[in-house]
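What follows is calculated from the coordinates using simple rules that are stated; it is not laboratory data. In this text the structure is predicted, and so the values were computed from the model without any measurement. Glycine gets a Cβ as well: all are built from the backbone with ideal geometry, and neighbour counts include every protein chain shown.
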Amino acid sequence: MLVAGSLFALFAGTYYWLPKWSGRMYDERLGKLHFWLSFIGVNVLFFPQHFLGLAGMPRRIPDYALQFADFNWISSIGGFLFGASQLILLVVVIKCVKGGKKATAQVWEGAQGLEWTVDSPAPYHTFTTPPDPKLIHAQ
């Protein structure tokens, strides 16, 4: 579950920064589909393992008793669903880079900070002189 939690944090960061990186907005409908299929896949993957542990299945073994086969089969389906849903993320990124609505400088409502004051994507040498800190905090 710790790996899944960190992966969802990486997904969130990717969706947050993708318009700034590419200069284009992503397909939000596909982004939501990716999230929900990943969420369902992770829960189908890990939830049956609680019952397997309660039933006495040992961890990290190459083979297990036949009584554990059904829950392991369900868990495997969740793993494949989670893995396959990452292809949707790949499609989202490719569609975003190749096309999509042009992103503004401040992509998200309430986004504050220096990075949101420049165009999307940010120019190579963003600032020739250091910005005035008073202007940044005045936003």
- request: Under 21 Å Cα to Cα from residue 95, which lysines show up? Leave out anything in the same chain fewer than 8 places away.
  value: 20, 32
message: Give me the one-decimal nm value for the distance between modelled label points at residue 21 and residue 87, 7 Å along each residue's Cα-to-Cβ direction.
response: 2.1 nm
- request: Round to the nearest 0.05 the FRET efficiency obtained for residue 14 and residue 43 when R0 = 22 Å and r is the Cβ-Cβ distance.
  value: 0.60
Phi-based couplings in Hz for the stretch 94-111 (Karplus 6.51, -1.76, 1.60; Gly and Pro marked x): 5, 4, 5, 6, 7, x, x, 5, 5, 7, 7, 5, 9, 5, 9, 5, x, 6
- prompt: Based on Cβ point charges of +1 for Lys and Arg and -1 for Asp and Glu, what charge dipole magnitude is obtained for the stretch 1-76 about its Cα centre, in debye rounded to the nearest 20?
  reply: 280 debye
task: Order these peptides, 57-67, 103-113, 71-81, by their mean beta-carbon neighbour count within 10 angstrom, highest first.
output: 71-81, 103-113, 57-67
task: Would you please give the residues with an amide H less than 5 Å from that of residue 119, counting only those at least 5 places away or on a separate chain, with H modeled from the backbone geometry?
output: none
field: For a label point 7 Å along the Cα-to-beta-carbon line of residue 102, residues of the stretch 1-42 with backbone N under 14 Å
entry: 23-25
- request: Please turn the phi angles of the stretch 44-55 into ³J(HN,Hα) values with the Karplus equation 6.51 cos²θ - 1.76 cosθ + 1.60 (θ = phi - 60°), one per residue in order, whole Hz, x for glycine and proline.
  value: 5, 5, 9, 4, x, 5, 5, 5, 5, x, 5, 7
statement: In whole Hz, the Karplus estimates of ³J(HN,Hα) for the stretch 117-128 (6.51, -1.76, 1.60; θ = phi - 60°; x where Gly or Pro) are 9, 10, 4, 10, x, 5, x, 4, 9, 5, 10, 7
statement: Residues whose modelled amide H sits under 5 Å from the amide H of residue 24, counting only those 5 or more places away in sequence or on another chain, are 103
